[in-house]
Amino acid sequence: MKRSKPLFIARQSSSPKGILGWIIAKIMSSETAGENEVAVTLLQISDDATVLDAGTGHGRTMTQLLKRVPRGKVIGVDASAVALSIAARTLDRALLSGRATLHCCDMEALPLSEASVDAILTVHTVYFVENLQVLFREFSRVLRPGGQLLLVFRPDSDEIDRDYFPEPVFRFRSLEVVRADALAVGFLEHSCEEDTFKVGLVTFLSLRRG
Ligand SMILES: C[S@@+](CC[C@H](N)C(=O)[O-])C[C@H]1O[C@@H](n2cnc3c(N)ncnc32)[C@H](O)[C@@H]1O
């Protein structure tokens, strides 16, 4: 029998709210652990770098980023206050020490100054963005010149169960479309690889701010 995911549950992935959102954000933490772990290793950063995890959700990846930058800082942003409440518990001491910061905001309007971060990681978030060029321009604004943007997403070349990931909520795109939008706003391609994880095929597209 075909699985079907009601629209309200799919919407929770795009913006977790209430008790159900809390449960979904918790589940997501283990569902997406594999590709997040690989993503952290693909960042080319010094140990004093400032890294942004855009759409951090549960914040699990931020704890790993903190290990990669023992003298640096990790900033997490997410539009969901519920997801950030989970991240805040996980990051507890790092928040107190100022090594980690969390902002509840839209990643298309970051509360960060120009050229203030060395690298940006964003995992399974681009599906929820209508116009990728708007997002990439904002990422370009806060990245220092030469800084790395690592986009991690499921490409539409994978077999995606559209009942489970309904179109109005999830926008799956091809690697070519995502790459073209990034290059159009001035990013330079650095590397691209794909691998299969619990969720399916995942693309890691690494770019540099020109
Ligand atoms: C599918 S979850 C992925 C969470 C985490 N990055 C991971 O890989 O497990 C998507 C997250 O992005 C957040 N999100 C979606 N659209 C956003 C936006 N425009 N600005 C900020 N956060 C957003 C959601 O609230 C959610 O926590």
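Compared with the rule-of-thumb size 2.2 N^0.38 Å for a compact globular protein, the stretch 7-209 has a Cα radius of gyration ratio of 0.94.
Ordered by packing density, taken as the mean number of other Cβ atoms within 10 Å over each peptide's residues, highest first, how do 199-206, 41-48 rank? Working shown, then result.
Numbers: 199-206: 18.9, 41-48: 13.1.
For the peptides 199-206, 41-48, the packing ranking is 199-206, 41-48.
In the chain, what is the count of Lys pairs whose alpha carbons are under 18 Å apart, counting only pairs at least 8 residues apart or on separate chains? Walk me through the intermediate numbers first.
Details: Lys5/Lys17; Lys5/Lys26; Lys5/Lys198; Lys17/Lys26; Lys26/Lys198.
Within the chain, the lysine pair count is 5.
Once both labels are positioned 7 Å from their Cα atoms along Cα-to-Cβ, the gap between Arg89 and Ile27 label points is 1.7 nm. Each Lys or Arg adds one and each Asp or Glu subtracts one; over the other residues with Cβ under 11 Å from the Cβ of Arg179, this totals -2.
With the simple spin-label model, which puts each label point 7 Å out from Cα in the Cβ direction, the Ser113 to Thr63 separation comes to 3.2 nm. Restricting the stretch 47-143 to GluC sites (Glu not before Pro) that sit in a DSSP loop and have at most 12 other Cβ atoms within 10 Å of their own Cβ leaves Glu114, Glu130. Ranking Thr50, Leu150, Val199 by Cα position along the charge dipole of the stretch 7-209, where only Lys, Arg, Asp and Glu carry charges on their C-beta atoms, puts Thr50 farthest toward the positive end.
Based on DSSP H runs of at least 4 residues, each adding -39500 (n - 2.57), what is the mean residue ellipticity at 222 nm of the chain after dividing by all its residues, to the nearest 500 deg cm²/dmol? Don't jump to the answer; show the numbers that get you there.
Working: 7 runs with 79 residues, N = 210.
After summing the helix terms and dividing by the residues of the chain, the value is -11500 deg cm²/dmol.
Each other residue within a Cβ distance under 12 Å of Gly72 adds +1 if Lys or Arg and -1 if Asp or Glu, for a net charge of +2.
None of the figures in this text is laboratory data; all of them are computed from the coordinates on show. On a predicted model such as this, the values are computed, not experimentally measured, just so you know. Every residue, glycine among them, receives a Cβ derived from its backbone with ideal geometry; neighbour counts consider all protein chains shown.
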